[in-house]
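Any read-out appearing in this document is the output of simple, stated calculations on the displayed coordinates, not a laboratory observation. Just so you know, these numbers come straight off a predicted model, no measurement behind them. Note that each Cβ is placed from the backbone with ideal geometry, even for glycine, and that neighbours are counted across all protein chains shown.
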Amino acid sequence: GQYPVGRITAVDVATGNTLVTIPSVFTGSSGSYGSQLIQFSADGNTILTFGSYGAGFTCWTATGTRLTPSTIGANSAVLSPDGASVIGSDQTHGVFKYDITSRTYTATYTVPSSYKGSASVIGLVSNGTRLLATYRDTVYIWDMAADKAVSSFKIAAIGQDTMNQGAATGAILSPDGTILGIDDGSSMYFFNVTSGAAINTSTILA
């Protein structure tokens, strides 16, 4: 079963004052993998919290008001820049778009994978119009409006997501969406998202 764990605290970095504390924001289970994720919208008004692989996400206002009535099950999840939607994956919809206001799934995307939910959404690029997803050793840059790959490239490590999916690997985008970092559990690799080229020629210990 799932259980609530942890809390988040927002702090004013200029003064050190606590702005808000939200208790029990994460959901986990005895069989889940990975670590917790927190993401803010570009304007700082919306927060996404993600428990772990298979647990799911919850959305909040920056003042601590819950926007989603309960935790939404997902294997990966990222917040859109405007804070209006979540792009993620689960075993029912595959890769999806979830509208926070209407609380409905508004789109699905045919990112290649062996089964629904096994492709992992890592982040959004091109001003939020394209998603970056990994499945095993392949990275896909996916145009969401056209539902097709713009490009793809192979990666040195088995690319999963920041929640690890039980494979001891992780991935994260740079804030500007130009560099992908991959952690295979023992080393770090970095790739140029546009070209797919490896940036570092030797491994960096993780």
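Figures for the structure shown
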| read-out | value |
| --- | --- |
| Three-way shape call for the range 49-109 based on the alpha-carbon gyration tensor, with the a/c threshold at 1.5 | oblate |
| Mean Cβ neighbour count within 10 Å, used as a protection proxy, ranking 93-102, 119-128, 134-143 highest first | 119-128, 134-143, 93-102 |
| From phi via Karplus (6.51, -1.76, 1.60), per-residue ³J(HN,Hα) for the range 138-147 in Hz, x at Gly/Pro | 10, 9, 10, 9, 10, 6, 6, 5, 8, 6 |
| Within the range 61-139: Cβ-based charge dipole about Cα centre, in debye rounded to nearest 20 (Lys, Arg +1; Asp, Glu -1) | 80 debye |
